[in-house]
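Okay, so here's the structure we're looking at.
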Amino acid sequence: MFKGVPTLTQLNLRLLNAKNPRTFANGLVLLQQEQRNKATSAKTSWQQLEADANHSKVDVDVYSQEELVKRAKFGHTGKEVQQKIAAEKKLRTPPLLNLVFANRKLSFYDPASGPKQKERHDKLHREQEQRNAEDVLFDMFASEETGLISMGKFLAGLKTTGIRRNDPRVRELMDNLKRVHKLNNYETGSSAETQHLNRETFKAVVAPNIVLIAKAFRQQFVIPDFSSFVKDIEEIYGRCKDNTLGKLADYIPQLARYSPNMWGVSICTVDGQRYSIGDVEEPFTLQSCSKPLTYAIALEKLGPKVVHSYVGQEPSGRNFNELVLDQNKKPHNPMINAGAILTCSLMSALVKPDMTSAEIFDYTMSWFKRLTGGEYIGFNNAVFLSEREAADRNYALGFYMRENKCFPKRTNLKEVMDYYFQCCSMETNCEAMSVIAASLANGGICPTTEEKVFRPEVVRDVLSIMHSCGTYDYSGQFAFKVGLPAKSGVSGGMMLVIPNVMGIFAWSPPLDHLGNTVRGLQFCEELVNTFNFHRYDNLKHLSNKKDPRKHRYETKGLSIVNLLFSAASGDVTALRRHRLSGMDITLADYDGRTALHLAASEGHLECVKFLLEHCHVPHNPKDRWGNMPVDEAENFSHSHVVEFLKSWAEKAGNAPAECTPEAVISKTQADEEICSTSDLDHSIASSPIPSPEPEVRATSPVPSEAGSTASTVSVDKTKPGL
Ligand code: GLU
């Protein structure tokens, strides 16, 4: 299976693990000499060294000349470190180096300086680390045949959880892979990311980032099943792609030149899970999407009191660049042009009064850059120049505000206007903007670098204004339909924030008549039609929307615990609620115990009746010890329950002999979200709504509470059967 792909060979491992310092150190020197001199007697010389070393366990016969020459590269790498240590420790001869896994780090060590201690430490460490996360991961991905792990497969697996190879949080892993690749003397055509490693090397390589990696594979991120989520996103993306409505902005030539087919969506969750589709690396200018960001810097530096003594918080109800102020003679909010120009004046007059225009530009850019976690933020000078040329309305707004004394003292209007155009002309792409959106979703902490950029209070204020004022004159409808903070821009961007979950950036240049990207808007609306992300979506009760935040097994497990608890405590009302929520009442716990087992063993006749008569659960499921509910009732001497269950069983007559409920853990494949509609449809018996075909229920063998037999009960279709 490793055709053409070199692996961490037995040979190399021996070299790495050579017990005899002299063998190893001399071997390295020899290898280098071999390479230099192209000598042909490598094998003999090596044997000689081995013999000299006297007690080496290395079987040197396997070292062919060719292999020795190859090892020379490793020797070179090792030698550099050797020399460094020799210089530091002022040693005459280079120390033996080895590659070890210690303190959860891949490192070289110098065993000559204390092998016993090292051995003791290693043993202790190995014991501690037994069956740790690294081992489990290794076993998940390793080939049984070779006992090696394919890093290509491992990294692909990691990607399905949303973690990319270039994520700064796995940098050490990637660096270690490169180091091992180099040590391992890979030849042309191979890459560090596709090499195959043995257990110890793998553990050493992943150790520095194991917390994040383990979290990813344990599905502990905010979107546990990221690949299913991504499938839905792809579908929504595809539907929006077909939408060819809208017109390009044409007030400056640079915007009018974009292809109307451009369409990209990038997602970054608060755990740094990434997904992108379409034209996500195409650069475009921030335009109005810069407004919440400069506003955030002003809030961070000045606090909301100062900022909002200059600018309001109300939606203007007017066009984004309309020549209008609110009743206090302030711009309505920081998301419209007047408000953003005013925010820019706060930056130069109050936040950084001593800075030159150039310094304020750099200062702002560095904030934006931190929000992107170091991803692409640039500047488009052509757009800046065009913006400045085509800015009659913006200048008019500036003069109008100056006339109304809106600006702080010391404001240089010309510089402020330039600064505003510069902010609009900063260049970025969907990928980087999704990280900014995610930083806002994450309370001001960039998910990929974990740097705290803004205080959570600042972000809360920014999101509040985005929620009410972020999408021009569509803001009210957007808040109604999508129910999430967003900011759109005239270059076709739509920054959407799902607080505590993720940031999304959608970009497509064609705009609707209000200035919002057509595809971006459709994407947002379809997103909240699919997922319960709307601020006022109910997260608790049954909904036909998906909740990708839920861990489906965890959710199910919790629900079963609740269900069984209700049955054990005799709470018929709670059982009704479970039934109404569409839950499958026949589910069992790990021991195969159903709600009926619990109700019977606790002697709750009402619950037993409810479960059989209304929920139509099987009366004879066996738990892992082979006990049926009737056995439980007998064991705990609940004669009234025993009687009822026996009579039910008798009347069931031709019912199937036994039913063994599947334990929860064995249902993992089928158990989609507990609240999905498919659960409601999943069986007539478990549906809380009366069957449209009464005869299906005519098999119910026991008289109902009302005294009539189920076979004669007429079904009231207007009421749940509870
Ligand atoms: N540079 C544009 C302007 O000030 C920004 C417009 C926008 O994206 O809303 O007119």
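If you go through segment 128-182 and keep only what is part of a helix (DSSP H, G or I), under 19 Å from the mean Cα position of the chain (by Cα) and of a type in the set (V, I, T), you end up with T160, V170. On the basis of being of a type in the set (K, R) and crowded, with 24+ Cβ neighbours inside 10 Å, does K487 make the cut? It is true that K487 is of a type in the set (K, R) and crowded, with 24+ Cβ neighbours inside 10 Å. Residues in segment 292-332 that are in contact with a Lys or Arg (Cβ under 7 Å, 6 or more places away or on another chain) and under 16 Å from L397 (Cα atoms): Y310, V311, G312, N321, V324. Could you go through segment 452-464 and let me know if any residue there is at negative phi, within 16 Å of the ligand (Cβ to nearest atom) and among the hydrophobic types (A, V, I, L, M, F, W, C). No, because not a single residue in segment 452-464 is at negative phi, within 16 Å of the ligand (Cβ to nearest atom) and among the hydrophobic types (A, V, I, L, M, F, W, C). Scan (1) within 13 Å of the ligand (Cβ to nearest atom); (2) of a type in the set (S, T, Y); (3) not in a loop (DSSP other than H, G, I, E, B) for the single condition S276 breaks and write down its number. Of (1) within 13 Å of the ligand (Cβ to nearest atom); (2) of a type in the set (S, T, Y); (3) not in a loop (DSSP other than H, G, I, E, B), only one is false for S276: (1). Among the residues making up segment 362-403, those that are among the charged types (D, E, K, R) and either within 15 Å of the ligand (Cβ to nearest atom) or under 30 Å from A438 (Cα atoms) (or both) are D362, K369, R370, E375, E387, R388, E389, D392, R393.
Summed over segment 465-485, residues that are without any contact (Cβ under 8 Å) to a residue 60 or more places away in the chain and either within 13 Å of the ligand (Cβ to nearest atom) or under 19 Å from G246 (Cα atoms) (or both) total 4.
Evaluate the following for E431: is it among the charged types (D, E, K, R), in contact (Cβ under 8 Å) with a residue 24 or more places away in the chain and within 16 Å of the ligand (Cβ to nearest atom)? Criteria not met by E431. The single residue among I233, I267, I223 that is outside any helix (DSSP H, G or I), touching a residue at least 40 places away in the same chain (Cβ under 8 Å) and closer than 28 Å to M335 by Cβ turns out to be I267. Look through segment 521-541, keep the residues that are in contact (Cβ under 8 Å) with a residue 60 or more places away in the chain and over 21 Å from the mean Cα position of the chain (by Cα), and return whichever of them is farthest from N261 (Cα to Cα). That would be H541. Of all residue pairs spaced 6 or more apart or on separate chains, those with beta-carbon atoms under 7 Å, a first member in segment 300-329 that is under 19 Å from N404 (Cα atoms) and a second member that is of a type in the set (K, R) are Y310/K330; V311/K330; G312/K330; N321/R393; V324/R318. Out of the residues in segment 304-327 that are over 19 Å from L350 (Cβ atoms) and polar (S, T, N, Q), which is nearest to the ligand (Cβ to nearest atom)? Looking at the filtered set, the residue picked out is N321.
When S309, S345 are checked against the criterion of being over 23 Å from D418 (Cβ atoms) and of a type in the set (S, T, Y), a single residue qualifies: S309. Please find, within segment 173-193, the residue that is modelled with the highest pLDDT out of those that are buried (at least 20 other Cβ atoms within 10 Å of the Cβ) and among the polar types (S, T, N, Q). Only one residue tops the list, namely N176. Answer yes if at least one residue in segment 238-252 is among the aliphatic types (A, V, I, L, M) and outside any loop (DSSP other than H, G, I, E, B), and no otherwise. Within segment 238-252 (the criterion being among the aliphatic types (A, V, I, L, M) and outside any loop (DSSP other than H, G, I, E, B)), the answer is no, since none of the residues qualifies. Hey, among the residues in segment 282-293 that are touching a Pro at 6+ places or on another chain (Cβ under 8 Å) and part of a helix (DSSP H, G or I), which one's farthest from the ligand (Cβ to nearest atom)? Checked segment 282-293; the qualifying residue farthest from the ligand (Cβ to nearest atom) is P292.
In the set (1) assigned to a helix (DSSP H, G or I); (2) closer than 15 Å to Y310 by Cα; (3) more than 13 Å from the ligand (Cβ to nearest atom), the condition left unmet by R410 is number (1). For segment 348-365, check the following and say yes or no: at least one residue is in a helix (DSSP H, G or I), without any contact (Cβ under 8 Å) to a residue 40 or more places away in the chain and of a type in the set (F, W, Y). Scanning segment 348-365, I find at least one residue that is in a helix (DSSP H, G or I), without any contact (Cβ under 8 Å) to a residue 40 or more places away in the chain and of a type in the set (F, W, Y), so the answer is yes.
Table: residues versus (1) of a type in the set (A, V, I, L, M, F, W, C); (2) under 23 Å from the mean Cα position of the chain (by Cα); (3) modelled with pLDDT of 95 or more.
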{"site": "V222", "(1), (2), (3)": "yes, yes, yes"}
{"site": "Y275", "(1), (2), (3)": "no, yes, yes"}
{"site": "T294", "(1), (2), (3)": "no, no, yes"}
{"site": "E300", "(1), (2), (3)": "no, no, yes"}
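Can you find a residue that is crowded, with 21+ Cβ neighbours inside 10 Å and of a type in the set (S, T, N, Q) anywhere in segment 385-405? Checked against the condition, which is being crowded, with 21+ Cβ neighbours inside 10 Å and of a type in the set (S, T, N, Q), segment 385-405 yields no hits at all.
The values are calculated or read from the model by the stated rules, or taken from the named source; none is laboratory data. Since the structure is predicted, the reported quantities are computational estimates derived from the model, not experimental observations. No Cβ is skipped: glycine too gets one built from the backbone with ideal geometry, and neighbour counts run over all protein chains shown.
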